[in-house]
Amino acid sequence: MSQSARYGIPDSRGFFGAYGGQYVPEAIKARLDELSRALDAALEDTSFQRELESLFVHYTGRPSPVFHCANLSERLGGAQIWLKREDLNHLGAHKINNTLGQCLLARRMGKKRVIAETGAGQHGVATAASAALMGLECTICMGEVDIERQHLNVIRMEMLGARVLPATSGQRTLKEAVDEALALWISDPDMFYVLGSAVGPHPYPYMVRRFQSVIGREARAQMLEELGRLPDVCLACVGGGSNAIGLFAGFLDDADVRLVGVEPGGRGTAYGEHAASLCLGEPGVLHGFHSYMIKDANGEAGCVYSISAGLDYPSVGPEHAQLKDQGRAEYVSVTDQEALEAFFALSRHEGVIPALESSHALAQAMKMAPGMSGDKALLVSLSGRGDKDVAQVAEMLREHKIRQPEV
Amino acid sequence: MHILEEKIRKATAAGRPALIPFLTAGFPDRALFWPTLMELDENGADIIEIGVPFSDPVADGPVVEEASRRALSDGVNLRDILRELVERRGLIKAGVVLMGYLNPFLQYGLENLARDAEKGGVHGLIVPDLPFEESAPLRAALKERGIALIPLVGPNTGTERMLLYAADSQGYAYVVSVMGITGERADLAPQVAATMSRARAAFSLPLALGFGLREPAQLAALPPEARPDAVVFGSALLKHLDNGGSAEEFLARWK
Ligand SMILES: Cc1ncc(COP(=O)(O)O)c(C=O)c1O
């Protein structure tokens, strides 16, 4: 894997500029140090790289194609919109790129078991599948409330051989699932923690970025192949920021390519109505790392909301915080409503139902395209397919919470 | 000698382990918190650790986490804790240590924190999610005011890391008895003896053993050289209080 000399490599304490680090108890620090050493060795080892690349081809179905949205672009009348089709990966999202990498590393480290947290279930399903493939025992921690809301994903994980452990304390959602998973991980030296986004203490943000950077590496070559040049703008939704950093990784050294991260604007900019950590948050320390976060006046993790379960996280990957401060990437937010409009537009005009998360990135592209000339190209990371969201959207339609736009 | 070290050495001289109860601020509820704390103070606590509630306490077990969650929903926060400590200054005989996660401290401002903690008679701070590498700014702010930053080490903390802390710590060193998070355990993990002897070799400070302590018999099971100078009880005390038990009863077991 080629790496930029300027971007994407944290310092020896795990900082991207002022962000990242390891704000964890000693008991966790020792495990992170073990992980760092193993990761560095694996990334130097061509046989590890070859095995991962082979899985990407034969298991995930990579490279995922780029697709020109000719119909949508014509209707909007402006720049050409292209999609990087991560929705076509095995299991329908970019998450598998990361879980394969981490499970392969877990096996290489001689770990017997993996554990992961999951909110909506996407990362849990990807982890369960990767663990099944590698012969690792798998436990997925999930809030009791989420287990009820995402029943189908629970069944999937169990079919893939995972044990789904309900988190029963507090709000019984993602945060409690993380607590539960951490507790089990720390007390079991043979267990590997598979983290689902480019967040957490070092080396997780760096590791997740390395495994997801396949998105940008492929996309850059594919756009050169298709257009004979690079796209003018790359866009991706930002929850924790893994699909975004994966796409951006391929273009950071191309100073003329604008990079736009799109955060969930939810129902508005008031506290509690969004999860736009970079746009509306401030620096702070949560879950072991320093980054922009949404917090209350006392420094507690703040309330967040988004229509899409994969984006409502009160902090964001530290490399994005650095890119924001450097001005190398821009971060904007789009509302639930705008994301829904993009969701319907892509379904209706291109025959692709996007994940609600990815619909945020597309919505921003649809806002920008009309103001740009027809020879410009916008590349959107379509991080996942929308099958998982169809029932939720149908219910909102049925309850008249939203209206399907006219054609 | 730092006052926290003095408190523990005095207990040692009297032939007993120093007692360090941990009480989450606002527990069992806002009205009972200070009376409970004063009861601990009057019944033999040498040092009292006050937990500052936080939304994501990664080092805590379910009992402390639940106490923290309850305190937060009752509106307990660092500002009020410090203000109430200032109001009670001079009334608490025991050493006072605040234990809390980094972000509320950052939000308060490290300089402000050191200043107000000193005003409130706080002698030490424990910040579980602040490893040595990132501790310089807080360590410096506290040192100026004579407040100790207490190191927290455990079974998987290497000897070099213990030495790193030992070179720049005051008060006492806090040794966690089991791998991982706080919580009440039936038996002290077998590795505790090994951890204690390594910590003994690394630190000249007194050692407090915590996480999972319920009754003196647990200590008696340890070889003499692995016995701590002080014992910390958190989860077991909180549970006892939550079941309607009194602070006095709990401490009586240890006297
Ligand atoms: C399809 C899809 N896209 C994006 C995300 C957000 O994650 P990240 O910001 O790490 O890419 C998720 C998270 O569950 C997801 O399922």
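The values are calculated or read from the model by the stated rules, or taken from the named source; none is laboratory data. No experiment lies behind these values; they were computed from the predicted model shown. Virtual Cβ from ideal backbone geometry, glycine too; neighbours counted across all protein chains shown.
Some notes on this structure:
- Among the residues examined, residue B:121 qualifies as on the phi > 0 side of the Ramachandran plot and either in contact (Cβ under 8 Å) with a residue 60 or more places away in the chain or not charged (D, E, K, R) (or both).
- Yes/no for residue A:161 being within 16 Å of the ligand (Cβ to nearest atom) and of a type in the set (Gly, Ala, Ser): no
- Of all the residues in the range A:76-91, those that are within 13 Å of the ligand (Cβ to nearest atom) and under 12 Å from residue A:129 (Cα atoms) number 1.
- Residue-level analysis places residue B:98 outside the set of residues that are more than 19 Å from residue B:233 (Cα to Cα) and either within 13 Å of chain A (Cβ to nearest Cβ) or of a type in the set (A, V, I, L, M) (or both).
- For beta carbons closer than 8 Å, sequence separation of 6+ or different chains, a first residue in the range A:186-200 that is within 20 Å of residue B:157 (Cα to Cα) and outside the structural domain of residue A:323 (by TED's automatic domain parsing) and a second that is among the small types (Gly, Ala, Ser) and crowded, with 21+ Cβ neighbours inside 10 Å, the qualifying pairs are A:186/A:27; A:186/B:180; A:187/B:180; A:192/A:106; A:193/A:116; A:193/A:181.
- Residue satisfying all of: in the range A:211-226; in contact (Cβ under 8 Å) with a residue 60 or more places away in the chain and surrounded by fewer than 24 Cβ atoms within 10 Å (Cβ to Cβ); farthest from the ligand (Cβ to nearest atom) among these: A:226
- Hits in the range A:293-314 (condition: over 17 Å from residue A:270 (Cα atoms), within 16 Å of the ligand (Cβ to nearest atom) and either among the hydroxyl-bearing types (Ser, Thr, Tyr) or within 14 Å of chain B (Cβ to nearest Cβ) (or both)): A:308
- The residues of the range A:196-214 that are out of contact with any strand residue (DSSP E or B) (no Cβ under 9 Å at 6 or more places or on another chain) and either at pLDDT below 95 or assigned to a helix (DSSP H, G or I) (or both), listed by number, are A:207, A:208, A:209, A:210, A:211, A:212, A:214.
- Which listed residue is part of a loop (DSSP other than H, G, I, E, B) and basic (Lys, Arg), from A:217, A:156, A:172: A:172
- Condition met for residue B:136 (away from every other protein chain (no Cβ under 14 Å) and either within 18 Å of residue B:170 (Cα to Cα) or modelled with pLDDT under 95 (or both)): no
- Which listed residue, of A:148, A:180, is within 14 Å of another protein chain (Cβ to nearest Cβ) and in a helix (DSSP H, G or I): A:180
- Checked against the criteria, residue B:121 counts as away from every other protein chain (no Cβ under 12 Å) and under 14 Å from residue B:4 (Cβ atoms).
- Residue among A:54, A:47, A:73, A:36 that alone is of a type in the set (Ser, Thr, Tyr) and outside the structural domain of residue A:134 (by TED's automatic domain parsing): A:73
A quick yes/no check of all residues on (1) more than 15 Å from residue A:68 (Cβ to Cβ); (2) buried (at least 24 other Cβ atoms within 10 Å of the Cβ); (3) over 20 Å from the mean Cα position of the chain (by Cα):
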{"residue": "A:349", "(1), (2), (3)": "no, no, yes"}
{"residue": "A:356", "(1), (2), (3)": "yes, yes, no"}
{"residue": "A:367", "(1), (2), (3)": "yes, no, yes"}
{"residue": "A:372", "(1), (2), (3)": "yes, no, yes"}
{"residue": "A:391", "(1), (2), (3)": "yes, no, yes"}
{"residue": "A:397", "(1), (2), (3)": "yes, no, yes"}
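- Residue B:168 in a loop (DSSP other than H, G, I, E, B), within 11 Å of another protein chain (Cβ to nearest Cβ) and either under 14 Å from the mean Cα position of the chain (by Cα) or not hydroxyl-bearing (Ser, Thr, Tyr) (or both): no
- Residue within the range A:280-289 that is crowded, with 19+ Cβ neighbours inside 10 Å, modelled with pLDDT under 95, in contact with a Leu (Cβ under 6 Å, 6 or more places away or on another chain) and not in a loop (DSSP other than H, G, I, E, B) present: no
- The range B:219-255, subset hydrophobic (A, V, I, L, M, F, W, C) and assigned to a loop (DSSP other than H, G, I, E, B), residue farthest from residue B:199 (Cα to Cα): B:254
- Test: residue in the range A:315-326 that is within 16 Å of the ligand (Cβ to nearest atom), within 12 Å of chain B (Cβ to nearest Cβ) and outside any helix (DSSP H, G or I): yes
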